[in-house]
Amino acid sequence: MAGTASERFINYRRGIRNHPYGGGMSVGGYSGCSVLVVDDEPMVREVVSNYLTRDGLEVREAADGPTALEQLQIQLPDLVILDVMLPGLDGFSLLSSLRREADVPVIMLTARNEEADRILGLELGADDYVVKPFSPRELAARVRAVLKRSFGESRAPEDAVVLGDLRIDPLTHEAWVLGAPIDLKPKEFDLLHFLASHPRQVFSRGQLLEQVWDSHSGWQDPSTVTVHVRRVRLAIESNPDRPRYLTTVWGVGYRFEP
């Protein structure tokens, strides 16, 4: 395939300006959402596709990294289920390329249970992580939960939060420090906005999974919160090692200092 990863994405990138997650969602549910399943094991693709199709989702499949990249060029899905170990282009590399151009929700699949692999996937922007062998029913439930978090529910517009040198506007999904815009991924913004909306209140990682990710530690690795807190600190703190705003309450969790 000719061109860099960014160049290969540019043609379809124009088509997601009005919908950051790709295709459309039916009113009142997620039937009709599109999912790309990327795995080199035919049995895994078949089982996962069958379960998701029963939920009314439109499923496409890819057996290797280059084919998945081509599928993403043709049409950006609403969610990607992505195996780590792929021929041609591994899952981490594919995720890294995708994250440079779009915020499509991604659930990683891996046969390895090492914490370093999970952390790497989360650092690259994965929304969830599932270790093989897994329950197809549980994976389908995670897909529904991630789609729900990604699309959200219709809500009345909220006022901007202004605390110290920090301004957070939930309507435009933008934030500024000392008047300068800061670059945050969607879930990083959600985490910052939630904590800033509850100044000085301490939340455990489990509570943040429930409140921000609409999940819990039985489904999602609490290290997801740790990774996102670190990213937010890098974005908003002048010294992330000695945070002014997003502080740690040791043995309990995190809180936002106004």
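Just so you know, all these numbers are worked out from the coordinates, no wet-lab data involved. Predicted model only: the values in this text are computed from it and were never measured. With ideal geometry, Cβ positions are generated from the backbone for all residues, glycine too; neighbour counts draw on all protein chains shown.
Do we have any residue at all in the stretch 231-245 that's buried (at least 19 other Cβ atoms within 10 Å of the Cβ), of a type in the set (A, V, I, L, M, F, W, C) and not in a strand (DSSP E or B)? Yes.
Take the stretch 35-52 and flag every residue that is over 15 Å from GLU70 (Cα atoms) and among the β-branched types (Val, Ile, Thr). Give the derivation first.
Within the stretch 35-52, the first condition is being over 15 Å from GLU70 (Cα atoms), and the residues that meet it are 40-52.
Result: VAL44, VAL47, VAL48.
Which of the residues that make up the stretch 68-88 are crowded, with 17+ Cβ neighbours inside 10 Å and either out of contact with any helix residue (DSSP H, G or I) (no Cβ under 9 Å at 6 or more places or on another chain) or without any contact (Cβ under 8 Å) to a residue 40 or more places away in the chain (or both)? ALA68, GLN71, VAL84, listed by residue number.
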